[in-house]
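Below you'll find the structure, written out as structure tokens, and then a few comments.
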Amino acid sequence: MAEFFVVQSFSPAKRGAMKPDIPVQATSIMHARRMAERLALQKPMVFATVTDADPEAGDFGEPRLICAYGDDLPEEVSNMQPV
């Protein structure tokens, strides 16, 4: 199994909603954390996750939270197991 590190940011949308930006893959936990910290200076919500996966076998674990920035985080993010 391999670990996949993903940083997801959001941009403001109409009527106070947020729309997801294109997720970005990081190379490590520290890389994901640094990337999320930088994006949080410009974006209203950012979070980074790590997932254990074997894409060839189609086996994906539950994402775990590396870090999160922003107000009103979705329940799915708030309830993630931390790294």
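The values are calculated or read from the model by the stated rules, or taken from the named source; none is laboratory data. In this text, all values refer to a predicted model and were calculated from it rather than measured experimentally. In this analysis, Cβ positions are derived from the backbone assuming ideal geometry, glycine residues included, and neighbour counts consider all displayed protein chains.
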Across segment 3-57, the tally of residues that are exposed (fewer than 15 other Cβ atoms within 10 Å of the Cβ), under 22 Å from residue 81 (Cα atoms) and either of a type in the set (Phe, Trp, Tyr) or in contact with an Asp or Glu (Cβ under 7 Å, 6 or more places away or on another chain) (or both) stands at 2
Restricting segment 58-79 to residues that are touching a strand residue (DSSP E or B) at 6+ places or on another chain (Cβ under 6 Å), surrounded by fewer than 17 Cβ atoms within 10 Å (Cβ to Cβ) and not small (Gly, Ala, Ser), the one nearest to residue 16 (Cα to Cα) turns out to be 77
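Would you pick out the residues in segment 31-54 that are farther than 14 Å from residue 11 by Cα and without any contact (Cβ under 8 Å) to a residue 24 or more places away in the chain?
First pass over segment 31-54, keeping only residues farther than 14 Å from residue 11 by Cα: 31-35, 37-38, 48-54.
Within segment 31-54, 34, 38 meet the criteria.
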Within segment 29-79, residues at pLDDT below 95 and among the aliphatic types (A, V, I, L, M) come out as 53, 57, 73, 77
Scanning segment 1-46 residue by residue, those farther than 16 Å from residue 71 by Cα, assigned to a loop (DSSP other than H, G, I, E, B) and out of contact with any helix residue (DSSP H, G or I) (no Cβ under 9 Å at 6 or more places or on another chain) turn out to be 1, 22, 23, 27, 28
If we keep only residues of segment 55-75 that are over 16 Å from residue 9 (Cβ atoms) and either hydroxyl-bearing (Ser, Thr, Tyr) or outside any loop (DSSP other than H, G, I, E, B) (or both), then the residue farthest from the chain's Cα centre (by Cα) is 59
